[in-house]
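Student: To start, I am sharing the structure in question, which I have written as structure tokens.
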Amino acid sequence: LLLCAVLLHDDLEALKQKFEGERTKPYAERTATIGKIGALKTDDAAEFLISALHSEKETTVRSSLLTSLGTCGRPKAVQKLLAIIRDETAEFAARSSALSALGQVKSEEAKEAILAIAKNKDPKNNLRTAALNALSRLPLSETEAIWRDALTDTQPTVRGLAFRALAPLQDKTVLDLAKKAIEDPKEPESVKSAAIEPWKAVGGPEAVKLFLAAAATSDSKIRRTILPILSALVDEPSITVLYGG
């Protein structure tokens, strides 16, 4: 254990120097080093990431630092992320990235913070989408009720996220709402694309019929979503319907 601690300390010192030496380099090079620091999952790594966050001006790099704090997952890292999302004076980009990072953290406090924001339907809650994205990383058994409620939300982005999250259930209610969305000419294409996911999960001839009809009446984005699904069919009943269409 002592040897591991020494090696991790040496790794952190080397990564610190690398981080400092890359300050003028492109974002892609810098984020790789930042990710390695978070992967150490030590208190010292968390402290360095927090310190770097305070001095960093570049928004994309700050986002990478926040993501790495989520990967690190140490109590200090989690408390920093929680402090940012609770700070209403903080930049939206920082709060959104902190929420996304919290989705990686397996702690009740982090989960409760994400759930509180995801459940808040106030139009002024501009973090709700970010919270729902983070929510998608939690077990569906813990979030199913929220996603079911979101299926009829007024926000297209929220409905799309709900269709994708609930797709693995292959649930009749979800499938019926998804079919309605796919067939509704007034439904945004982003929602239609997401509504394809539950039917892709269940498959079968009925799904093929739905996809063929949608491909004939939708824009090229929807057709590009549907084509790989139809190309991958292997069961004879579905292929028969495909040839017939």
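Student: For segment 67-77, name all the residues that are in a helix (DSSP H, G or I) and either among the hydroxyl-bearing types (Ser, Thr, Tyr) or open to solvent by 10 Å² or more (accessible area, probe 1.4 Å) (or both).
Tutor: Those that are in a helix (DSSP H, G or I) and either among the hydroxyl-bearing types (Ser, Thr, Tyr) or open to solvent by 10 Å² or more (accessible area, probe 1.4 Å) (or both): 67, 68, 71, 75, 76.
Student: If you don't mind, another one. Just to be sure I understand, how many residues within segment 106-133 are touching a residue at least 12 places away in the same chain (Cβ under 8 Å), in a helix (DSSP H, G or I) and open to solvent by 70 Å² or more (accessible area, probe 1.4 Å)?
Tutor: 3
Student: Quick test of your reading of the structure: residue 81 fulfils all but one of (1) surrounded by 21 or more Cβ atoms within 10 Å (Cβ to Cβ); (2) assigned to a loop (DSSP other than H, G, I, E, B). Name the failing condition by number.
Tutor: (2)
Student: Tell me the residue from 51, 64, 55 that is over 30 Å from residue 112 (Cβ atoms), among the small types (Gly, Ala, Ser) and free of Cβ contacts under 8 Å to residues at least 40 places away in the same chain, please.
Tutor: Answer to the selection: 55.
Student: Let me ask something else about it. Which of the residues belonging to segment 203-224 are open to solvent by less than 60 Å² (accessible area, probe 1.4 Å) and under 18 Å from residue 174 (Cβ atoms)?
Tutor: 203, 204, 207, 210, 211, 214
Student: On the basis of being within 28 Å of residue 151 (Cα to Cα) and either touching a strand residue (DSSP E or B) at 6+ places or on another chain (Cβ under 8 Å) or open to solvent by less than 50 Å² (accessible area, probe 1.4 Å) (or both), does residue 103 make the cut?
Tutor: Against the criterion (within 28 Å of residue 151 (Cα to Cα) and either touching a strand residue (DSSP E or B) at 6+ places or on another chain (Cβ under 8 Å) or open to solvent by less than 50 Å² (accessible area, probe 1.4 Å) (or both)), residue 103 qualifies.
Student: Would you call residue 57 open to solvent by 70 Å² or more (accessible area, probe 1.4 Å), assigned to a loop (DSSP other than H, G, I, E, B) and within 29 Å of residue 150 (Cα to Cα)?
Tutor: No, not satisfied.
Student: Another question about this same structure. Do you know which of the residues in segment 159-176 that are of a type in the set (D, E, K, R) and in a helix (DSSP H, G or I) is surrounded by the fewest Cβ atoms within 10 Å (Cβ to Cβ)?
Tutor: Out of the qualifying residues, it is 172.
The values are calculated or read from the model by the stated rules, or taken from the named source; none is laboratory data. Note that the coordinates shown come from a computational prediction; the quantities given were computed from them, not determined experimentally. Don't worry about glycine lacking a Cβ; one is built from the backbone with ideal geometry, like all the others, and counts go over all protein chains shown. We work out accessible area using only protein heavy atoms, side chains counted, and drop any ligands, DNA or RNA first. Shrake-Rupley method; radii C 1.70, N 1.55, O 1.52, S 1.80 Å.
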